[in-house]
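Heads up: the structure comes next, in structure tokens.
The values are calculated or read from the model by the stated rules, or taken from the named source; none is laboratory data. This structure is a prediction, so every number in the text was calculated from the model and none was measured. Virtual Cβ from ideal backbone geometry, glycine too; neighbours counted across all protein chains shown.
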Amino acid sequence: MINRDVLSQYIATDEAELKIFVGFFVGISALLICIMLFSLWLVFTIGSNNQPATVSLFVILFCFLLVSPISWISVELLLHFYMGWTVMSPLKLRSIVIRFALPMVELFVRVIKGPIEPVRRSFIAINNLLLLKAKLSYEPHDVLVLAPHCSQASRCKLRLTYNNDNCARCGKCPIGSLLELRDESGVKVLSATGGTMARRIIKEVRPKMIVGIACERDLVEGIHDIPSFFPVYGFLNECPNGPCIDTLINVSRLRKVLKKFIPSLHFSNEEKSETTPLKKWIPPSEYTNIVAQSEKIIQ
């Protein structure tokens with residue numbers, strides 16, 4: 001059964017959004033079954049008089065091999081999420097969903113020209129829920145938090161891509177809060193400018209689990225590109241200013257997610273605001289005036 005508390009606390013979604021991906025895949029499976037039955041009807045009624053038995057047998061075998069795995073995945077998803085029954089482990093089901101269900105659903109949505117973002121959000125929620133059900137446990141140094149470069153303030157002049165420690169922690173973007181979380185917990189926190197940079201970081205760091213922070217498109221592409229047996233938790237960022245510019249990160253929920261996968265993790269300050277607050281931007285030209293005024297007050 002679907003745990004609503006888990007959905008709200010760790011995944012920030014609801015059952016309706018979770019059902020989008022499952023509904024599409026089950027619908028595709030039903031459509032393929034109908035096509036298979038129609039093909040078999042053609043073989044036995046029309047084609048049997050014109051085609052040899054070997055051709056008919058080949059068509060039947062092809063339809064069976066095509067539809068059976070898809071139908072089995074659909075039944076497994078329905079049993080897993082709605083009945084609470086588990087025939088296969090959550091990690092195996094996740095690998096199958098990533099490799100087979102995701103490409104099929106995305107292709108179908110593109111063919112019918114439907115909205116792709118809700119489908120991606122639903123897939124990310126299913127991916128995260130299966131990882132939570134797997135009850136994985138790691139040490140802090142085994143977990144990599146991979147943050148996007150767009151979380152850095154767009155007017156910041158510092159370069160953080162290769163070294164987050166260059167951050168001044170001025171509070172104008174979430175990077176400073178992520179570094180505080182890193183210092184307090186011991187998890188690795190790095191920023192990437194794209195998929196190529198992310199793959200390079202993963203190859204160098206070699207973590208056992210990744211918590212990827214990004215938008216829907218980048219998360220889905222990253223989860224699909226990484227081997228399906230490797231646990232990647234998708235953490236959606238917030239885009240109040242539009243995509244890829246001054247994005248925000250819900251650090252409070254990120255702490256809860258990390259504690260779920262790192263049982264030994266304890267934070268000294270549990271009461272953090274839901275979204276990292278940003279301080280008012282002060283242009284560099286005004287710093288000199290502020291420092292001068294402060295010196296006069298001290299004197």
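The table for this structure:
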item	result
Yes/no for residue 95 being among the small types (Gly, Ala, Ser), exposed (fewer than 14 other Cβ atoms within 10 Å of the Cβ) and in a helix (DSSP H, G or I)	no
Test: residue 129 is under 22 Å from the mean Cα position of the chain (by Cα) and touching a residue at least 60 places away in the same chain (Cβ under 8 Å)	yes
Checking residue 166 against (1) closer than 17 Å to residue 260 by Cβ; (2) surrounded by fewer than 22 Cβ atoms within 10 Å (Cβ to Cβ); (3) not β-branched (Val, Ile, Thr), the condition it does not meet	(1)
Residues within the stretch 1-38 that are at pLDDT below 75 and assigned to a helix (DSSP H, G or I), tallied	9
Scan of the stretch 134-176 for residues that are outside any loop (DSSP other than H, G, I, E, B), in contact with a Lys or Arg (Cβ under 9 Å, 6 or more places away or on another chain) and at pLDDT below 90, ordered by number	164, 166, 175, 176
Of all residues making up the stretch 213-222, the number that are assigned to a helix (DSSP H, G or I), out of contact with any helix residue (DSSP H, G or I) (no Cβ under 6 Å at 6 or more places or on another chain) and buried (at least 19 other Cβ atoms within 10 Å of the Cβ)	2
Hits in the stretch 177-212 - residues which are in a loop (DSSP other than H, G, I, E, B) and more than 19 Å from residue 141 (Cβ to Cβ)	193, 194
Pair list, Cβ under 7 Å, 6 or more apart: the stretch 159-186 residue on the phi > 0 side of the Ramachandran plot, other residue part of a loop (DSSP other than H, G, I, E, B)	171/278; 171/279
